[in-house]
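Heads up: the structure comes next, in structure tokens.
Every number in this text was worked out from the coordinates using simple rules, so none of it is lab data. Just so it is clear, the model here is predicted, and its values are computed rather than measured.
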Amino acid sequence: MLNSGASGSRRTRHAWRLRSAALATGVAMVVIAVASLRASAPKFFQVAAQADFLKGDVENLSIDSHGQLTLGPAIELVYETTAPFLWSMVAAPDGGLFIGSGNDGQVFHVDAQGKGSVFFDSAELEVHALALAPNGGLYVGTSPDGRVYKVDRNGTATPFFNSDDKYIWALAVDARGNLFAGTGDKGSFTRSRRTGRAARSTRPTPRT
């Protein structure tokens, strides 16, 4: 009888332990479920101003100063260079692009299919200005030595003219084939005939 009672007591204690473990597991699952519900509960916030939108990641959208959203221009990677700076760009006759870069003073040519290569490698640091030459070549304005090169279709370059200023910021060709160069740091521009001889150098007159 004593053995039977002891055995029953052990079975009772074992059953109690099982019920306690099950109860504890159930409580833990309820706590986890409540925590999950709290973590996934919806949150509401209002975004109205441009600064609010710019805190997030904006893709293919434009945001004006009033916070209005409009579809932005599609962005497509055309060509990725190894140069840290791209200073100038002009459309090539073949439908591609000429791209002036720094700090190695290189000009890249990228064709219409996005295949690119170095078209011209100057001795200067920066290519700030490009312009198409009348014969299908390319004018390349470099800094900080204020030089302009004329590069033919094959990438062969010859010095065109040297400016008195250090920087060639912009180049443009008129209908007669004359080249105009906007320079700095004196804020002047130079007109060069097709032979490369500088005709004159003036400083723009400020408007009154």
- Determine which lysines satisfy two conditions relative to Lys150: a Cα distance under 25 Å, and not lying fewer than 8 residues away in the same chain. Lys115, Lys166, Lys186
- Residues of type lysines that Lys43 reaches as a straight line, Cα spacing below 25 Å, ignoring anything fewer than 8 places off in the same chain: Lys55
- Message: Let me test this: with uniform point scatterers at the alpha carbons of segment 47-198, what is the Debye-based log₁₀ I(q)/I(0) at q = 0.09, 0.11, 0.14, 0.18 1/Å?
- Response: -0.37, -0.52, -0.72, -0.95
